[in-house]
Amino acid sequence: MSVTAARGFLASGVPAGIKESGDPDLALVVNQGPSRAAAGVFTSNRVQAAPVRWSRRVLADRRVAAVVLNSGGANACTGPEGARDTQAAAERTARAVGADPGEVAVCSTGLIGVRLPMGRLLPGIDTAADALSPDGGDDAAVAIRTTDSVHKTAAATRSGWTVGGMAKGAGMLAPGLATMLVVLTTDADADGPLLDSALRTAVRTTFDRVDSDGCMSTNDTVLLLASGASGTAPDPAEFAEAVHTVCLDLARQLVADAEGASKEIEVAVVGAASEEDAVTVGRSVARNNLLKCALHGEDPNWGRVLSAIGTTGAVFDPDRLDVAINGVWVCRDGAPGEPREKADLSGRRITLTVDLRSGDASAVLWTNDLTAEYVHENSAYSS
């Protein structure tokens, strides 16, 4: 259930001294081949960290031999020095694992605007290289955590091949990749175009549909690496489905671990005139702080759902809107439906269903409630 679930990959996670806590903070993932095909998707934030800029260039050739990841510092907004630090990390990794620096992706996460302690990070790369193992996936997933309370891994096995992965993310969760670092691996014999197509299709309906707090990061990176070690060329549709399955699993884990969250909220929009309308409405509902507070207090306040819908340019008739909370249709035709008291919000998972009654398109987004713990986490921790 990790990046080493697929054959042909080694991983490790070690403490390099980047975090003051002494916790693991540096990870390596190495593709042993025979293939080194890869694809990547990155943040759409116009302010992008040095590792994102570097890795974009690496992925232009759709080949990645290794990924070096650190937590404890984002290396974002660090100027020319930050760019040089990223290159130094790639070059050190390349020497340590026997690869070309131009095939080493770099990922960082943590505080923006502070340079990384390269005097500790570079020796840490050597330590991580010495610790590489086919069983090192969990260690790598632990090392990339920041405010995450748990590490996040997933895997799916299909017709003789596997897709595995790890993710980090608990705050700044919003579209443009849901503010996270994700490394996916597969031992399928898949080329760059197939990887790119499957990854972009999966990201669009998983990570891009996570919207916890409307805040987009400078460091979002999702990578998919193929070793080809299974020797099996996958059916494209089956491969896309497996990548989607792993991405969805990890995306749900991100929401479940969102800072301070006590409720995991699924927003399902149906009956939309277009998928774009469905996503727009779902995002407006998911970002409504008044609604998120109400759900935290287990108050089925459906009026706040309608209010959020009304701020969008989606096609709908306000007098035909239906809303259900955990299967109870508390709003029918834009007016009271079943008694709101019938909606049980005592559990951790809540489903909001919005029927726009304007077409056949739909979309699902995921968010969480707004808690005092979230405010504390983001006032006590610089991010």
Would you check which residues across region 115-139 are closer than 24 Å to Val222 by Cβ, among the hydrophobic types (A, V, I, L, M, F, W, C) and surrounded by fewer than 23 Cβ atoms within 10 Å (Cβ to Cβ) and list them?
Ala129, Leu132
Check Ser284 against each of (1) within 27 Å of Asp360 (Cα to Cα); (2) touching a residue at least 60 places away in the same chain (Cβ under 8 Å) and name the one condition it does not meet.
(2)
Quick check on this structure: which one of Asp344, Asp333, Asp322 is charged (D, E, K, R) and either in contact (Cβ under 8 Å) with a residue 24 or more places away in the chain or buried (at least 16 other Cβ atoms within 10 Å of the Cβ) (or both)?
Asp322
Flagged in region 32-47 as in a strand (DSSP E or B) and small (Gly, Ala, Ser), in numbering order, are Ala37, Ala38, Ala39, Gly40
Given the conditions (1) within 29 Å of Gly82 (Cα to Cα); (2) touching a Phe, Trp or Tyr at 6+ places or on another chain (Cβ under 9 Å), every one holds for Leu184 apart from (2)
From the list Ala65, Ala90, Ala38, Ala60, exactly one residue is more than 18 Å from the chain's Cα centre (by Cα), open to solvent by less than 10 Å² (accessible area, probe 1.4 Å) and farther than 27 Å from Ser21 by Cα. Which is it?
Ala65
It is to be established whether one or more residues within region 205-224 are out of contact with any Gly (no Cβ under 9 Å at 6 or more places or on another chain), crowded, with 23+ Cβ neighbours inside 10 Å, aliphatic (A, V, I, L, M) and at pLDDT 95 or above.
no
Is it the case, given these coordinates, that Pro51 is in a helix (DSSP H, G or I), surrounded by fewer than 23 Cβ atoms within 10 Å (Cβ to Cβ) and either out of contact with any strand residue (DSSP E or B) (no Cβ under 9 Å at 6 or more places or on another chain) or in contact (Cβ under 8 Å) with a residue 12 or more places away in the chain (or both)?
no
Of everything in region 6-29, what is among the small types (Gly, Ala, Ser) and within 30 Å of Arg158 (Cα to Cα)? Give them in sequence order.
Ala6, Gly8, Ala11, Ser12, Gly13, Ala27
Checklist (1) in a strand (DSSP E or B); (2) open to solvent by 10 Å² or more (accessible area, probe 1.4 Å); (3) among the β-branched types (Val, Ile, Thr); (4) at pLDDT 95 or above applied to Val142, failing item:
(1)
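Has region 309-316 got at least one residue that is at pLDDT 95 or above, aromatic (Phe, Trp, Tyr) and over 17 Å from Arg340 (Cβ atoms)?
Going residue by residue through region 309-316, those that are at pLDDT 95 or above are 309-316.
Now restrict to residues that are aromatic (Phe, Trp, Tyr): 316.
Among the residues that remain, those that are also over 17 Å from Arg340 (Cβ atoms) are: 316.
Within region 309-316, one or more residues are at pLDDT 95 or above, aromatic (Phe, Trp, Tyr) and over 17 Å from Arg340 (Cβ atoms).
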Take Thr311 and decide whether it is under 18 Å from the mean Cα position of the chain (by Cα) and either surrounded by fewer than 20 Cβ atoms within 10 Å (Cβ to Cβ) or in a loop (DSSP other than H, G, I, E, B) (or both).
no
Among residues of region 180-200 being under 14 Å from the mean Cα position of the chain (by Cα) and β-branched (Val, Ile, Thr), the residue surrounded by the fewest Cβ atoms within 10 Å (Cβ to Cβ) is Val183
Here's a check for you: in region 68-82, which residue that is open to solvent by 10 Å² or more (accessible area, probe 1.4 Å) and closer than 21 Å to Pro123 by Cβ is farthest from the chain's Cα centre (by Cα)?
Glu81
Apart from one, (1) touching a Gly at 6+ places or on another chain (Cβ under 6 Å); (2) more than 25 Å from Thr146 (Cα to Cα) all hold for Ala278; the odd one out is (1)
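The values are calculated or read from the model by the stated rules, or taken from the named source; none is laboratory data. No experiment lies behind these values; they were computed from the predicted model shown. Please note: Cβ atoms are built from the backbone with ideal geometry, for glycine as well, and neighbour counts cover all protein chains shown. Just the protein is used for accessible areas: all its heavy atoms, side chains included, with ligands, DNA and RNA removed. Shrake-Rupley method; radii C 1.70, N 1.55, O 1.52, S 1.80 Å.
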